[in-house]
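J.: After the structure tokens below, expect a handful of questions from me.
Quick note: the coordinates plus some simple rules give every number you see, no bench work behind them. Just so we're clear, the structure is a prediction, and the values are computed from it rather than from any experiment. Quick reminder, even Gly has a Cβ in these numbers, built from the backbone with ideal geometry, and neighbours come from all protein chains shown.
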Ligand code: CA
């Protein structure tokens with residue numbers, strides 16, 4: 001097949017109404033044998049299962065069928081071995097007549113110099129530990145009511161408020177009130193729960209409904225390799241070590257041996273979140289594989305799906321031992337197919353790309369294009385880690401980092417500028433940021449404008465945050481960086497004040513606000529900076545903190561309510577209008593600005609002041625440039641936040657030490673809130 005850079009590409013599990021995608025020019029020598037059909041993997045029907053597999057250098061291939069997902073299970077046996085035939089489309093095919101659902105399979109491949117056995121990279125189901133694929137009747141995995149389950153789409157990605165959670169962290173603690181068998185599992189999301197299962201303090205999904213977040217970003221829940229699924233124990237890992245990309249992780253299911261159970265329970269989790277009005281953003285890690293040499297990609301087509309240095313060594317920009325090659329046509333296709341599959345089959349509402357800067361920008365644009373075609377423009381949220389990274393990708397390739405964001409419309413990136421400016425660099429435990437009064441005011445201002453003065457094109461491309469799963473939890477970082485700075489007795493209030501100020505910055509900045517689960521209840525990981533394989537105990541959410549930090553939860557809740565009500569606080573038109581922002585000269589390091597808005601036909605002004613100092617600051621409101629008769633209503637101060645009026649202010653605004661002050665002009669306030 002000749003390539004001309006313009007292919008009709010079909011994708012797994014879709015019909016033929018597909019967009020025309022420019023898959024790009026061949027890069028790898030095997031790209032000229034690329035196959036763009038929509039039938040890769042095992043396609044099941046009651047009458048037959050058809051296997052289609054791409055491996056152009058194989059001399060012969062057979063499908064090996066098993067009764068179980070591993071040899072250690074009761075009834076383990078080989079059922080059949082089917083030879084595959086190479087077609088003139090450069091794929092291997094075998095037809096398996098009859099109804100063979102729930103049989104497990106591998107491919108055995110003869111190459112010139114070796115024989116490999118591998119799981120199908122397109123497997124949609126797998127046995128325990130993902131060591132065999134499974135023929136699945138996907139229809140039969142759907143939980144009750146799945147047909148009525150709908151995606152959560154927002155008008156703009158900036159309407160999202162994202163809470164990042166790990167499946168096990170969410171409910172591992174008994175304080176979650178989740179029934180013991182479901183703790184740490186997908187099914188925990190389906191329970192209605194209270195603290196320790198007693199009283200009325202909501203936890204888990206019920207808690208999230210009250211908090212008001214619109215989306216959860218879930219740490220990898222595709223099948224990863226680092227946790228032994230055969231032991232239902234306390235083993236823990238974040239899961240950034242992908243094994244089977246199109247299969248849910250088994251250790252989060254109640255039975256990882258039956259390939260159907262994890263699929264059904266994963267769908268139940270997503271449906272329960274959707275039922276609560278909360279969307280699901282899936283953390284996807286296409287940039288590297290758990291193993292390099294032994295990965296199913298490398299066993300299927302040796303040295304094709306990864307990048308290699310000129311000396312033949314594995315490219316390792318990811319720091320995980322290997323980088324995949326999104327510029328190679330069949331890996332590019334795999335990424336598009338996989339993302340589309342999760343969005344269609346599992347109703348996933350958005351994707352967060354781990355180390356997105358290792359992928360090429362063209363692939364990300366094709367993913368955007370494909371999802372837009374299926375679900376409408378920008379409805380599925382896409383963003384990733386846009387760090388600039390070294391990797392063995394051909395010279396001249398535009399990589400999907402912050403520098404290329406403007407050429408990737410509809411794809412966002414994390415804002416490390418504001419992350420570090422708020423509370424100090426992640427690369428120095430004791431480094432201070434704005435909330436500790438360690439300066440960085442200019443970087444905060446840049447974040448307030450969603451980096452549209454630096455790398456981002458639109459507010460919807462900028463994910464603002466103070467903490468995520470990586471690096472110290474916000475609480476731990478604040479304690480470390482403030483060591484000795486304040487007496488112990490003062491520390492509790494002081495930490496809460498800094499956390500509130502941090503939340504006020506993130507939730508009033510243009511862009512997509514994001515925070516690590518539990519930031520709003522001073523979650524600690526006990527100073528563990530990189531807890532990816534620490535104990536579940538270190539990582540779990542301690543829901544008892546909902547009691548200790550009820551005031552802080554109310555503050556986050558209030559800011560969320562305010563942000564949802566005022567589109568000017570988030571950049572609703574997607575392009576943050578820099579002209580509308582007037583920063584006021586205040587004593588450094590304070591920041592204050594005024595911006596106008598038009599909400600439901602009401603024109604008005606919002607004034608925001610951020611004071612990181614240990615003393616109160618007064619700001620002359622005439623400096624806003626508005627009439628000095630303008631009266632203001634405070635909706636957020638050091639103590640409370642929300643849409644309720646806290647006090648009337650005119651002429652002089654007092655911004656208490658370590659706090660934010662948010663004002664709305666009285667005339668607009670009365671119209672907006674009908675008071
Ligand atoms: Ca696994």
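J.: Kindly state, as a whole number, the per residue volume in cubic angstrom of the convex hull around the alpha carbon atoms of segment 581-673.
T.: Enclosed volume per residue, from the Cα hull, is 82 Å³.
J.: Grab the beta carbon distance between residue 526 and residue 656, set R0 = 30 Å, and tell me the FRET efficiency rounded to 0.05.
T.: According to the calculation, E is roughly 0.45.
J.: In addition: Taking 7 Å along the Cα-to-C-beta vector as the label spot, tell me the residue 602-residue 275 distance in nanometres, rounded to one decimal.
T.: Output for this residue pair reads 3.5 nm.
J.: Okay, moving on. Quote the relative contact order of the chain in percent (integer), defining contacts as alpha-carbon pairs under 8 Å separated by 6+ residues.
T.: The normalised contact order for the chain reaches 10 percent.
J.: Sum -39500 (n - 2.57) across every DSSP H segment of at least 4 residues in the chain, then divide by the residue count to get the 222 nm mean residue ellipticity, nearest 500.
T.: Roughly -6500 deg cm²/dmol at 222 nm, from the helical runs in the chain.
J.: Continuing with this model, one more query. Output needed: percent of Cα pairs per 10 Å distance bin for segment 462-541, bins running from 0 to the one holding the longest distance.
T.: 18, 48, 30, 5
J.: Modelling each spin label as a point 7 Å along the Cα-to-Cβ direction, I'd like the residue 640/residue 233 distance in nm, to one decimal.
T.: 5.2
J.: Assuming 0.36 nm per residue, please report the length gained on full extension of the stretch residue 587 to residue 548 beyond their Cα-Cα distance.
T.: The span from residue 587 to residue 548 would gain 10.6 nm if fully extended.
J.: Determine the relative contact order of segment 508-634: mean sequence separation of Cα pairs under 8 Å and six or more apart, normalised by residue count, in whole percent.
T.: Relative contact order comes out at 17 percent.
J.: Would you calculate the separation in nanometres between label points at residue 20 and residue 153, each defined as 7 Å from the Cα along the Cα-to-beta-carbon direction?
T.: Here the answer is 2.4 nm between the modelled labels.
J.: On a 0 to 90 degree scale, rounded to 10, what angle separates helix 488-508 from the longest Cα axis of the chain?
T.: Compared with the principal axis, the helix lies near 70 degrees.
J.: Which order do the peptides 651-657, 246-252 take when ranked by the mean count of other beta-carbon atoms within 10 Å per residue, highest first?
T.: 246-252, 651-657
J.: Shifting gears a bit: Counting just the Cα atoms, what span does segment 369-507 cover along each of its three principal axes? Round to the nearest Å and put the largest first.
T.: Reported extents, whole Å, longest axis first: 57, 34, 26.
J.: Stokes-Einstein at 4 °C, 1.567 mPa s, Kirkwood radius from Cα pairs: D for the chain in µm² s⁻¹?
T.: So the translational diffusion coefficient is about 49 µm²/s.
J.: Where the convex hull is taken over the Cα atoms of segment 24-138, what is its projected area averaged over directions, in nm²?
T.: Its Cα hull, projected and averaged over all orientations, spans 8.2 nm².
J.: Here's another thing I want to ask about it. Please list 635-641, 157-163, 533-539 highest first by mean number of surrounding beta-carbon atoms within 10 Å per residue.
T.: 157-163, 635-641, 533-539
J.: Find how many whole Å separate the alpha carbon centroid of segment 200-264 from the alpha carbon centroid of segment 501-541.
T.: Here the answer is 18 Å between Cα centres.
J.: Please report, in Å, the Rg and the Dmax of segment 636-675, where both are computed over Cα atoms only.
T.: That works out to 10.6, 31 Å for Rg and Dmax.
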